[in-house]
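Peer 1: Input: one structure, supplied below.
The values are calculated or read from the model by the stated rules, or taken from the named source; none is laboratory data. In this text the structure is predicted, and so the values were computed from the model without any measurement. For neighbour counting, all protein chains shown are included, and Cβ atoms are generated from backbone atoms with ideal geometry for every residue, glycine included. SASA here: full protein model, heavy atoms, side chains in, ligands and nucleic acids out. Shrake-Rupley method; radii C 1.70, N 1.55, O 1.52, S 1.80 Å.
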Amino acid sequence: MTTSFDPTTMATNLATAYTQSAQSLITAQSKAAQSTSTGLTKLQSVLSAFSTALTGLSSTAGKTITQYSATPSDSSVLTATATGKAQPTSTPLFVEQLATTHQVAFQDLPAVPAGPGSMSVQLANGSGFNVDLASADSDGDGTLSQSEIARAINTAANGQATAMVVTVGGATQLLLTSGVSGAGGKITLDTSGLSGPLKTALDDTTKQKDLVAGQDAIVWLGAQGSGVRLQQSSNTLTAIDGVTVTLKKAQASGDAPTTLTVSRDDSATASKLQTLVDAYNTLSKALGDLTAVGGDSTTPGTFASDAGVRALRDRLSGLLRADYGGSNLRALGVNIDRYGQLSLDSAKLTKTLTANPTALDDVLGSATLSAPSGLLGAFDKALDVWTDSSSGQIKSRQATVTAQQKSLTDRQTRLDSQYTQAYNRYLQQFTALQNLQSQMADTGSLFDSIST
């Protein structure tokens with residue numbers, strides 16, 4: 001008589017059967033919890049991306065979603081860009097002179113003995129700095145070269161000027177360039193703290209040469225001499241609200257002013273609105289995937305039966321169709337198909353803006369916290385219910401899922417302990433049974449041997 005079972009296999013099978021029902025439930029719940037957690041992470045991501053797009057579009061004080069361009073009649077004289085603060089206009093500008101940065105060269109400076117002494121570099125705007133030459137002898141040869149003087153100036157300048165040594169036709173020159181554009185950056189040297197050959201050389205005007213004179217830009221709004229004269233240290237002009245003008249070339253006396261035309265840029269405006277269309281379509285597709293019911297060949301979305309997420313999807317879709325400021329997206333050329341996807345008709349947008357230049361801003365409004373308005377403000381409020389970092393739906397749901405996952409982990413630990421206990425109990429019982437069966441087999445063999 002032989003044993004007919006394996007105690008380990010029997011114990012495993014019975015312990016598994018004992019815990020199978022509870023294990024199946026925990027496994028299913030853990031899978032669902034993980035799916036929900038992953039879905040919430042994806043939902044947070046797509047809503048945050050859409051919110052960022054809204055912020056980029058949002059009309060704030062002095063800013064409009066409608067785009068403008070600035071075009072000069074002669075781009076060799078000036079170029080310009082326009083922001084949303086600009087207004088359609090045609091402005092004549094005469095560039096009398098450009099702003100330049102003072103640059104002066106000191107020729108044939110001698111190598112002088114190193115020793116105590118200092119000088120100051122002064123700018124016409126009242127700023128300046130001191131240059132200590134006492135420790136400028138970096139190679140320790142006992143003399144100060146032009147390179148060492150330049151290095152000492154650059155160390156002390158803090159951006160107010162730069163010094164370099166250049167060699168032209170075998171002649172070495174110390175070149176100083178002001179760090180300040182315009183007349184206010186004109187450089188002068190105070191050598192009263194020096195003595196000897198270096199002071200003599202720096203004070204010798206015959207050894208100084210202005211390579212570039214420091215001067216302000218002069219621009220006339222209108223014709224030269226009869227318009228409004230503007231003088232400034234920079235070649236970037238911001239006197240026209242919402243427009244930045246870069247001066248490129250001075251005009252000759254008697255030349256006609258350059259006309260700067262600021263006009264609505266419908267192509268750029270359409271591109272700006274297209275960012276909203278694209279951002280919403282991305283969000284709509286993601287929400288559609290998350291709430292998909294599924295079918296014979298497709299898997300249901302994570303939130304297929306979640307009334308809250310489906311309500312959010314429907315809420316955002318409804319906001320697209322609402323009127324704001326007496327108009328709506330349809331009038332601006334934004335069409336919504338049966339699947340909730342948007343498309344933009346640029347020609348219709350241009351036609352609407354021609355009839356009503358503020359229509360786009362009136363409809364889209366602003367998503368700013370201080371004054372939400374229009375479609376963007378409505379979108380932002382709807383999103384905030386879900387994305388608020390302290391009380392939003394996503395944060396609340398994530399906390400619930402985290403607590404559920406912790407509970408499931410604890411239940412799994414307890415079930416694993418129950419499985420181990422059951423397994424050990426069954427193993428002990430079947431091992432004892434196996435031993436008894438073996439003993440009975442041995443006894444039967446003994447009787448068989450006696451009877452024969």
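Peer 1: Which residue pairs have Cβ atoms closer than 6 Å, lie 6 or more positions apart in sequence or on different chains, and pair a first residue in the stretch 322-345 that is farther than 18 Å from Pro372 by Cβ and modelled with pLDDT of 90 or more with a second residue that is open to solvent by less than 70 Å² (accessible area, probe 1.4 Å) and of a type in the set (Phe, Trp, Tyr)?
Peer 2: Taking only residues 6 or more apart or on different chains, the pairs are Leu342/Tyr280.
Peer 1: Does Ala347 satisfy the criteria of being more than 25 Å from Ile394 (Cβ to Cβ), open to solvent by 40 Å² or more (accessible area, probe 1.4 Å), out of contact with any helix residue (DSSP H, G or I) (no Cβ under 8 Å at 6 or more places or on another chain) and outside any loop (DSSP other than H, G, I, E, B)?
Peer 2: Yes; evaluated as a whole, the condition is true for this residue.
Peer 1: I'm told Phe94 meets every condition in (1) at pLDDT below 95; (2) part of a strand (DSSP E or B) except one. Can you identify the failing condition by its number?
Peer 2: (1)
Peer 1: If Gln122 passes every condition in (1) open to solvent by 50 Å² or more (accessible area, probe 1.4 Å); (2) over 24 Å from Ala252 (Cβ atoms); (3) part of a loop (DSSP other than H, G, I, E, B) but one, which one does it miss?
Peer 2: With (1) open to solvent by 50 Å² or more (accessible area, probe 1.4 Å); (2) over 24 Å from Ala252 (Cβ atoms); (3) part of a loop (DSSP other than H, G, I, E, B) applied to Gln122, the lone miss is (3).
Peer 1: Restricting attention to the stretch 293-321, which residues are in a loop (DSSP other than H, G, I, E, B), open to solvent by less than 70 Å² (accessible area, probe 1.4 Å) and in contact (Cβ under 8 Å) with a residue 12 or more places away in the chain?
Peer 2: Within the stretch 293-321, Gly301, Thr302, Phe303, Ala304, Asp306 meet the criteria.
Peer 1: Same structure again: So which residues in the stretch 279-292 are buried (at least 20 other Cβ atoms within 10 Å of the Cβ), out of contact with any strand residue (DSSP E or B) (no Cβ under 9 Å at 6 or more places or on another chain) and within 30 Å of Leu360 (Cβ to Cβ), if there are any at all?
Peer 2: Result: Ala279, Leu283, Leu287.
Peer 1: May I pose another question? What residue, of Lys406, Lys381, is assigned to a helix (DSSP H, G or I), modelled with pLDDT of 95 or more and either in contact with a Leu (Cβ under 7 Å, 6 or more places away or on another chain) or not small (Gly, Ala, Ser) (or both)?
Peer 2: Result of the check over Lys406, Lys381: Lys406.
Peer 1: Moving on. May I ask you to say which residue of Ala22, Ala28, Ala17 is in a helix (DSSP H, G or I) and surrounded by 13 or more Cβ atoms within 10 Å (Cβ to Cβ)?
Peer 2: The match here is Ala22.
Peer 1: Tell me, yes or no, whether the stretch 416-429 has at least one residue that is free of Cβ contacts under 8 Å to residues at least 12 places away in the same chain, more than 29 Å from Thr38 (Cβ to Cβ) and outside any helix (DSSP H, G or I).
Peer 2: No, the stretch 416-429 contains no residue that is free of Cβ contacts under 8 Å to residues at least 12 places away in the same chain, more than 29 Å from Thr38 (Cβ to Cβ) and outside any helix (DSSP H, G or I).
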